[in-house]
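Colleague: A single structure is presented below for examination.
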Amino acid sequence: MKKIKKTIYFLTILIFINNCIYAQRISGHVVEKDAHNNHNPLPGVNVYWLNTTDGIATDIDGHFEIEKKNENHKFLVFSYVGYLNDTIEISGNMDHLHVVLEATLLLNETVIEARGSGTHVQRINPIYTEQITSNEIQKAACCNLSESFETNASVDVSYSDAVSGAKQIQLLGLSGIYSQLLTENIPSVRGPAIPYGLLYVPGPWMESIQISKGTSSVINGYESITGQINVEYKKPQNSEKLFVNMYGNDLGKVESSITTAHKISNNWHTLFLFHGEFQNKPSDSNNDGFMDHPLVKKYNFFNRFSYENHGKMESVFGYKILDEERNAGQINLTGMAPENLYKVKIKTKRYEAFAKNGFFFHNRPGTSLGTIVSGTFHDQQSDFGNRKYNVTHKNLYLNIIYETNLINEKHKFNVGPSFSYDIFNENINALEQINEEIIPGFFAQYTFNNQNNLTAIAGIRYDYNNLYGHIITPRLHVKYNLNEHLTIRASGGKGYRSAHVVAENPFLLMNSRIMTFDENIKMEEAFNYGTAITYDFSIIGKESNISIDFFRTDFVNQVIIDMERNPSEIHVYNLNGLSYSNSFQAVFTSEILSGLDFTSAFRWNDVKTTMNNKLLAKPFVNNYKGLLSLSYLTQNNKWQFDFTSQFNGKSRLPDTSQLPTEFQKPDYSPAYTVLMGQITFKVKKFEFYFGGENLTSFVQQHPIVNASEPFGDYFDTSFIWGPISPRMFYAGLRFSL
């Protein structure tokens, strides 16, 4: 084994040194021409080689880059529903294209225009993946990643407690800890970053978001159980020279984001991204003595560079710095001594650095080598009432991906080693615990593409975890096109994760309970399998889509956090019995009228877990959710109107029968509806927007149990199932150059 490892590392070094001959890469932009002869970028255009299924989709700016692997790649096809296909012959040293697609319908010299869908299923990807573009992100008051899912049916976002402002996501009816969160395919939000990590990614920095349901590729590790969420940041080579976003709301929150891109040379580009967030106005709309939202002061900076030597090498590297301070808890309205108030203080400093490199081999068609290296330092100092919790997390991540063709283009093979090192230093009320996790691994993935209608990906990886031993992760994905409109996908596989109970769930410290670990917790382990059907069609010449998917997750082991056995205790133990999740979702999207996009969705969840030897519905998980979204853009592209309604079904609430009568809760939360809307006015380089959230002002009453005695018995901040803030209005502007 040692000789094999040495050989792999030696070959890797040789490949790095070998910089001789590489494959040709074609890049360019795809645009449409509107009635005013303006060129508008077209995102989501299918770009592929004629008579093959080798292709990609354009990004939000209409940009694409594709590799010409052999002599059979002569004609490049550009296809987009509602537009005429365009086919271009690639010859000689052609390496950059500017493609203008024409609308399919022309009546009396009037151009019938269309705009790319804000959310769409990636048609070429064998893994069922929804792509959220920046157009969709801007339909709501998206100031960070957590708010970018408000118009999405697949992902739910909610507060994990009623004090700190920490947010959590749900995918396939399960907590976001079972979804792998990546930034440009680098695992990023882990450990103590999970409760607040969604708030660390500013909305204006994002180019797109990809949501993959079910087990994903083995290339990125074994942690994905219910899916992956990957964030793509703006790229230095195709970003605005200057972009400014200013935002403010009536709760006293003010944010500003600035991005500026610079071309250093023909090969080098850089991008600076700045973000600041301030909330200094305390509010207590429900008069329980606690602030509805924490007071926040946050600074965020990101500098990235890109180097491109077309057909030979690509490199992207950068660093991020974050400094955040949160203050929450009781508002002093009665003249109490400050030391007698229940206060939450969280100070976080986070530093990240990464480097991604790609090398292309001209003498071996379809062959490339990619390397990813990243490092993270996360330091959090926090006080939760009279409990102190400090945690430091250091992470080093390495992934090397070698891709080549086997026999011909129909058979692709990915292989490579990976390495992850984590060290957690936790200190709870002066009780220190150090946890070191070292995980070397190796993966192999085979892709079959008959270049007609069938694509299959079979992958397996082996990892050795110094705490949990040997880990083998198999995964399989199949995509079959019945015809050009109907696609069926199926997937199955296994996933694992190491649980860091307190770091990932700080709400466990914001109560009067005593936490007990009943046994040594094991690694969480689950199978996930499912299927998805997508059907693309036209209604009166308008692009439409229906997507239906069903996924099931079966846990082999799960770390159970039991807060129902005893009102004064929290018990943590390994699963002893069944734990599963069934999730069904149907989504219909269409441009029902010119300029009017319509989305409707319905999701049903059946999530149950064995707690204290009883199979119970998982608390705080809605049994159904409906979504209706409308977006209208006027013909002159100056006004845009967006409206979204969410219909949330009931959810089981934790058993409170052992609490005093005044603190007992019903068995289920009520069903409720949340409405939000936004109006955007565009003039030249400016966009002015204003809108509102929770327009019906529906709020959960008494989200904090025994709020009047935070240092007494029965105090609990985690009993939260719905909105805790009433109607909110906001306004802002965007400027781009």
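FYI, it's all coordinate maths here, none of it is from the lab. Remember, predicted model here, so these are calculated numbers, not experimental data. Positions of Cβ are generated from backbone atoms using ideal geometry, with glycine treated the same way; all protein chains shown enter the neighbour counts.
Colleague: Give me the aspartates and glutamates in straight-line cross-link reach of Lys213: C-alpha distance below 12 Å, same-chain residues under 8 apart excluded.
Modeller: Reachable aspartates and glutamates: Glu130, Asp549.
Colleague: Quick one: which of Lys298/Lys608; Lys74/Lys685; Lys167/Lys297; Lys479/Lys614; Lys394/Lys608; Lys343/Lys625 span more than 28 angstrom between C-alpha atoms?
Modeller: Lys298/Lys608; Lys74/Lys685; Lys479/Lys614; Lys394/Lys608; Lys343/Lys625
Colleague: For Lys68, list the lysines whose Cα falls under 19 Å from its own Cα; do not include residues on the same chain fewer than 8 positions away.
Modeller: Lys68 reaches Lys312, Lys410, Lys412.
Colleague: Can you find, among Ile488, Ala141, Val254, the residue sitting farthest towards the positive end of the charge dipole of the range 120-736, where Lys and Arg contribute +1 and Asp and Glu -1 at Cβ?
Modeller: Ile488
Colleague: Please work out whether the range 120-736 counts as rounded, prolate or oblate from its C-alpha gyration tensor, where a ≥ b ≥ c are the square roots of the eigenvalues and a/c under 1.5 means rounded, while otherwise a/b larger than b/c means prolate and anything else oblate?
Modeller: rounded
Colleague: Also, quick follow-up: With a Förster radius of 35 Å, plug the Cβ-Cβ distance of Tyr468 and Phe272 into 1/(1 + (r/R0)^6) and report the FRET value to the nearest 0.05.
Modeller: The pair Tyr468/Phe272 has a calculated efficiency of 0.25.
Colleague: Can I ask one more? Using the number of other C-beta atoms within 10 angstrom as an exposure proxy, rank Leu341, Leu295 with the fewest first.
Modeller: Leu341, Leu295
Colleague: For Asn706, what is the net charge nearby, where nearby means another residue's Cβ is under 13 Å from its Cβ and Lys, Arg count +1, Asp, Glu -1?
Modeller: -3
Colleague: Sort the following peptides by mean Cβ neighbour count (other Cβ atoms within 10 Å, averaged over residues), highest first: 260-273, 525-538.
Modeller: Packing proxy ranking, top to bottom: 525-538, 260-273.
Colleague: Roughly what would the spin-label model give for Gln658 and His411, points 7 Å off Cα along C-beta, in nm?
Modeller: Computed distance between label sites Gln658 and His411 equals 6.1 nm.
Colleague: Longer than 27 Å from Cα to Cα, which of Lys281/Lys618; Lys241/Lys356; Lys139/Lys347; Lys281/Lys682; Lys139/Lys618; Lys281/Lys347 are they? Say none if no pair is.
Modeller: Violating the 27 Å Cα-Cα cut-off are Lys281/Lys618; Lys139/Lys347; Lys281/Lys682; Lys139/Lys618.
Colleague: Using the count of nearby Cβ atoms within 10 Å as a rough guide to exposure, how do Met676, Met510 rank from fewest to most?
Modeller: Fewest to most other Cβ atoms nearby, the residues stand as Met676, Met510.
Colleague: Do any GluC sites (Glu not before Pro) in the range 468-520 lie in a DSSP loop with no more than 12 other beta carbon atoms within 10 Å, and if so, which?
Modeller: Within the range 468-520, the qualifying GluC sites (Glu not before Pro) (loop, at most 12 other Cβ atoms within 10 Å) are Glu484, Glu519.
Colleague: Quick check on the chain: helices-only [θ] at 222 nm, where DSSP H runs of length 4 and up contribute -39,500 (n - 2.57) each and the sum goes over total residues. Nearest 500, please.
Modeller: When only DSSP H runs of four or more count, the value is -1000 deg cm²/dmol.
Colleague: Under the 0.36 nm per residue contour assumption, what length would be gained going from the current alpha-carbon distance of Thr673 and Lys74 to full extension?
Modeller: Additional length available on full extension: 210.3 nm.
Colleague: Modelling each spin label as a point 7 Å along the Cα-to-Cβ direction, I'd like the Ser736/Leu593 distance in nm, to one decimal.
Modeller: Those two pseudo-labels are separated by 2.6 nm.
Colleague: The range 582-638 to the range 150-182: how many Å between their Cα centroids?
Modeller: Result: 14 Å between the Cα centres.
Colleague: Now, a different point. Would you give the gap between the C-alpha center of the range 353-376 and the C-alpha center of the range 644-716, rounded to a whole Å?
Modeller: The range 353-376 and the range 644-716 have Cα centres spaced 45 Å from each other.
Colleague: Same structure again: Which net charge results when you count Lys and Arg as +1 and Asp and Glu as -1 among the other residues whose beta-carbon is under 13 Å from that of Arg190?
Modeller: Net charge in that neighbourhood comes out at -2.
Colleague: Taking R0 as 22 Å, what FRET efficiency do you get between Asn427 and Phe517 from their Cβ-Cβ distance, rounded to the nearest 0.05?
Modeller: 0.85
Colleague: With each label point set 7 Å from Cα along the Cα-Cβ vector, what nm distance links Arg727 and Asn576?
Modeller: 5.2 nm
Colleague: Work out how much length Asn637 to Ala444 would gain on full extension: take 0.36 nm times their residue separation and subtract the Cα-Cα distance, in nm to one decimal.
Modeller: Using 0.36 nm per residue and subtracting the Cα-Cα distance, I get 64.7 nm.
Colleague: Could you give the angle, 0 to 90 degrees to the nearest 10, between helix 2-17's Cα long axis and the longest principal axis of the Cα atoms of the chain?
Modeller: Compared with the principal axis, the helix lies near 60 degrees.
Colleague: Would you mind counting up the charge near Arg727? Only other residues with Cβ under 14 Å from its Cβ, with Lys and Arg at +1 and Asp and Glu at -1.
Modeller: Spelling it out: positives minus negatives among the neighbours equals -3.
Colleague: Would you list Ile560, Ile540, Ile56 from fewest to most Cβ contacts within 10 Å?
Modeller: Ile540, Ile56, Ile560
Colleague: Shifting gears a bit: So if R0 is 60 Å, what FRET efficiency would Gln451 and Asp284 give, r being the distance between their Cβ atoms, rounded to the nearest 0.05?
Modeller: So the FRET efficiency works out to roughly 0.45.
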